[in-house]
Amino acid sequence: MKETFERNGKQTTLIDLSDRLGNDSTPYEVNAHQIQYSDHRQGVHLTEKFLGLGAEYFPKGMAWATEELTISTHSSTHIDAPYHYGPETNGMPARTIDQVPLQWCYGDGILLDMRHKQIGDGISEIDIQQELERIDYVLKPFDIVLVHTGASQYFGTPNYFTKQPGLLRSATEWLVDRGIRLIGIDAWGLDRPFDRMAEDAKKGKGQFWEAHLLGREKEYCQIEKLCNLEQIPKPFGFTVSAFPINIKDASAGWSRVVAIMEE
């Protein structure tokens, strides 16, 4: 979704970078979810039960609509907290999502185009450096880096979580060492696909979940399952808002991630 409006003499464009959660995608999710919808007529049952107010107390006999969700914090677009990667970060208790500084989740956005990488490929620090050189940008601490792989086109299809390139540990560490605290990707996860990493790990060719596991040594967060990155018209010069839901002691929180451009 993209909205452009003028307010107080300033034109603003908002681009929704969040995946929409629905029951239609449940069969394809590793972390399954279920939404139970109660419409306005069903809402009358609640008012009768708790307040003794039947349908006759509401216009057209309709009360309120509600939804009940059974869901993982890692379903749909979400932010992983350091606690997701392990119980400690550099020997200290890892932060849960309710402890993540809000300043990490709002800042200048940088869009890195990695759509040339193939499914299963690793994105290296050299790839990132070359892309930054191409767009003529020097990273600043607390920039929010968005990695555009094109993998979001597979959301809601069988095995979509295996159809992506992903960051290598070296690339993730290179970003974190430059003060980046939030890295986003338009794929199921920041790493390469589970099946490729598992195959390599069994052959002794690499560490499974390497980009995530960096977070046990160096603190950072990641946004997973972004979409609509192709709608951002420029690689920088926009703001990202990505505040997670405040869930006590949780390893992740859902986020309505938005790119903001003002003129």
- Query: Using unit Cβ charges (K, R positive; D, E negative) and no other charged atoms, how large, in debye to the nearest 20, is the dipole of the chain about its Cα centre?
  - Reply: 160 debye
- Residues whose modelled amide H sits under 5 Å from the amide H of Asp121, counting only those 5 or more places away in sequence or on another chain, are Gly166
- Query: Which value in nm describes the separation of the simple spin-label points at Trp64 and Tyr28, placed 7 Å from the Cα toward the beta carbon?
  - Reply: 3.4 nm
- Query: Dipole size in debye (nearest 20) for the range 77-134 around its Cα centre, Lys and Arg Cβ +1, Asp and Glu Cβ -1?
  - Reply: 120 debye
- Task: Report relative contact order for the chain in percent, whole number only (criteria: Cα-Cα under 8 Å, sequence separation at least 6).
- Result: 28 percent
- Message: With Kirkwood's inverse mean 1/r over C-alpha pairs for Rh, give me the Rg to Rh ratio of the chain, two decimals please.
- Response: 1.04
- Checked the range 65-125 with the C-alpha gyration tensor, a ≥ b ≥ c its square-rooted eigenvalues, rounded below a/c of 1.5, otherwise prolate if a/b is larger than b/c and oblate if not; verdict oblate
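Could you compute the net charge surrounding His33? Neighbours are other residues with a C-beta less than 15 Å from the C-beta of His33; K and R count +1, D and E count -1.
-4
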- Item | Cα-centred dipole magnitude for the range 173-263, charges only on beta-carbon of K, R (+1) and D, E (-1), debye, nearest 20 | 200 debye
- Item | Within a Gaussian network of the chain (alpha carbon springs, distance under 10 Å), most fluctuating of Arg192, Arg95, Arg134 | Arg134
- Message: Positive end of the dipole of the chain, charges at C-beta (+1 Lys, Arg; -1 Asp, Glu), about the Cα centre: which of Gly109, Thr70, Ala201 has its Cα farthest in that direction?
- Response: Thr70
- So how far, in whole Å, is the C-alpha centre of the range 117-179 from the one of the range 1-31? 21 Å
- Please list, or write none, the lysines whose alpha carbon is within less than 29 Å of the alpha carbon of Lys234, excluding same-chain residues fewer than 8 places away. Lys2, Lys10, Lys117, Lys140, Lys163, Lys225
- Item | Shape of the range 109-263, Cα gyration tensor, a/c cut at 1.5 | rounded
- Would you mind getting the accessible area per residue of the range 114-263, heavy atoms of the protein chains only, 1.4 Å probe, in Å²? 44 Å²
- Item | Sulfur and carbon atoms: percent of accessible area, the chain [1.4 Å] | 50 percent
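The values are calculated or read from the model by the stated rules, or taken from the named source; none is laboratory data. The structure displayed is predicted, hence computed values, not measured ones. Backbone-built Cβ (ideal geometry, glycine too); neighbour counts: all protein chains shown. In case anyone asks, the SASA skips ligands and DNA or RNA and just uses the protein heavy atoms, side chains included. Shrake-Rupley method; radii C 1.70, N 1.55, O 1.52, S 1.80 Å.
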